[in-house]
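In what follows, a single structure is set out as structure tokens and then discussed.
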Amino acid sequence: MTIDSLAEAHIIKGRLLNEGIDCFLTNENITNLMPHHNNMLGSGIQIIINEQDIDKAREILKDKIEPNSLELVCPNCGSTHIGFGKGKRLRIFNTIIALLSSFPIGNLKPKYYCNDCNKEIK
């Protein structure tokens, strides 16, 4: 799981530790030092747990992993084949522009999009 906020990452870590799941955080220093690079290449604070604790952790963090379990429908084409992410083309384009200009292109927040018609769902 990847988190943007240090405070939220420590809250989630505390929830897991209270349930007896050992975990640790990575990338917390670089995320705080350079917050404008968050989400550019999938970076952010990552919560690492043991493989045998994955199912228990998913159950504990169900509210964070699946904030709304409603079935989303594309208003453009009516498809229920909805994805969540930044889109591969946009991520590659922004990375190339950032490298050429030596300036980060801000935070790219993941969004819902239709896998059939490639439209963003708002």
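Please go through the stretch 1-38 and give me each residue that is more than 21 Å from residue 61 (Cα to Cα) and modelled with pLDDT under 80, ordered by number.
Once the filter is applied, which keeps residues that are more than 21 Å from residue 61 (Cα to Cα) and modelled with pLDDT under 80, the stretch 1-38 yields 30, 31, 32, 33, 34, 35, 36, 37, 38.
So, of the residues in the stretch 39-54 that are under 30 Å from residue 96 (Cβ atoms) and surrounded by 14 or more Cβ atoms within 10 Å (Cβ to Cβ), which turns out to be modelled with the lowest pLDDT?
39
Quick check on my filter: what residues within the stretch 55-103 are assigned to a loop (DSSP other than H, G, I, E, B) and modelled with pLDDT under 75?
66, 67, 68, 69, 70, 71, 86, 87, 102, 103
The values are calculated or read from the model by the stated rules, or taken from the named source; none is laboratory data. All values derive from a computational prediction rather than experimental measurement. Note that we place each Cβ from the backbone using ideal geometry, even for glycine, and neighbour counts take in every protein chain shown.
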